[in-house]
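Student: Here it is, the structure, as structure tokens.
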Amino acid sequence: MNKLETPLGEIHIFIDNNEINYHFEQLELLKVLCPDVDGRYKIVIPFRLDKKEHVIKCVFASEDSYDYDDSSPESGDHLECQAFYKGSLKMSMGAEVSFDDEYDFLYLKNGIAYVILPSTKATKFVFGICWIFNNVDDETEAQTWFGADPTIM
């Protein structure tokens, strides 16, 4: 199975620290909200609930081998998001939020994760990944947040 290649490395998905195969979908580039974006993808992870706590991680490198200059959370309406910066590159990794459900999120050094709780009702978990490769600045950096939101079409 192919893995999504990003400027910061291949995307890996783990459920409870076990790597799984996944499918990714390239999303349309939004010329109005994010005209400078170079890549925009979503990954949907189906999950069978069992009333136990689980962690679904979306990461771009191992915890000890990532290569970037800075990171910061950038959450907003219906999107928990983590930004990663390297030179003039910015990549945002988001997790879709439903206010009608119960789960939590982890901001990781190398990605973002859902924490599935015993009371969680959702059976699919959606990650969005977006980047601007060479021209991120104060005026363009918000574009990756919009691009990482997989609900914006």
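The values are calculated or read from the model by the stated rules, or taken from the named source; none is laboratory data. Keep in mind that what you see is a predicted model, and the values were worked out from it rather than measured. Positions of Cβ are backbone-derived with ideal geometry, glycine not excepted, and every protein chain shown enters the neighbour counts.
Student: When the residues of the stretch 11-45 are narrowed to those that are out of contact with any strand residue (DSSP E or B) (no Cβ under 9 Å at 6 or more places or on another chain) and at pLDDT below 95, which ends up surrounded by the most Cβ atoms within 10 Å (Cβ to Cβ)?
Tutor: Restricting to residues being out of contact with any strand residue (DSSP E or B) (no Cβ under 9 Å at 6 or more places or on another chain) and at pLDDT below 95, the top hit is LEU33.
Student: Check LEU8, LEU27, LEU79, LEU33 and return the single one that is touching a Gly at 6+ places or on another chain (Cβ under 8 Å), farther than 27 Å from THR123 by Cα and touching a residue at least 12 places away in the same chain (Cβ under 8 Å). First the steps, then the outcome.
Tutor: Numbers: LEU8 fails: touching a Gly at 6+ places or on another chain (Cβ under 8 Å); LEU27 fails: farther than 27 Å from THR123 by Cα; LEU79 fails: farther than 27 Å from THR123 by Cα.
Unique residue meeting the criteria: LEU33.
Student: Check TYR85, TYR103, TYR107 and return the single one that is touching a Leu at 6+ places or on another chain (Cβ under 7 Å) and free of Cβ contacts under 8 Å to residues at least 60 places away in the same chain. Quick ask: steps written out before the conclusion?
Tutor: Numbers: TYR85 fails: touching a Leu at 6+ places or on another chain (Cβ under 7 Å); TYR107 fails: touching a Leu at 6+ places or on another chain (Cβ under 7 Å).
That would be TYR103, the only listed residue that is touching a Leu at 6+ places or on another chain (Cβ under 7 Å) and free of Cβ contacts under 8 Å to residues at least 60 places away in the same chain.
Student: List the number of the failed condition for LYS90; all other conditions in (1) within 18 Å of ILE13 (Cα to Cα); (2) without any contact (Cβ under 8 Å) to a residue 60 or more places away in the chain; (3) touching an Asp or Glu at 6+ places or on another chain (Cβ under 7 Å); (4) crowded, with 23+ Cβ neighbours inside 10 Å hold.
Tutor: With respect to (1) within 18 Å of ILE13 (Cα to Cα); (2) without any contact (Cβ under 8 Å) to a residue 60 or more places away in the chain; (3) touching an Asp or Glu at 6+ places or on another chain (Cβ under 7 Å); (4) crowded, with 23+ Cβ neighbours inside 10 Å, LYS90 is out only on (1).
Student: A further question on this structure: Failed condition for GLU96, given (1) without any contact (Cβ under 8 Å) to a residue 12 or more places away in the chain; (2) under 24 Å from GLN26 (Cβ atoms); (3) among the acidic types (Asp, Glu), with all others met?
Tutor: Condition (1) is where GLU96 drops out.
Student: Might you check whether a residue that is among the small types (Gly, Ala, Ser), touching a Cys at 6+ places or on another chain (Cβ under 8 Å), surrounded by fewer than 20 Cβ atoms within 10 Å (Cβ to Cβ) and not in a strand (DSSP E or B) occurs anywhere in the stretch 71-86?
Tutor: yes
Student: Mind counting the residues in the stretch 107-153 that are touching an Asp or Glu at 6+ places or on another chain (Cβ under 8 Å), closer than 14 Å to LYS42 by Cβ and modelled with pLDDT under 95?
Tutor: Number satisfying all stated conditions: 4.
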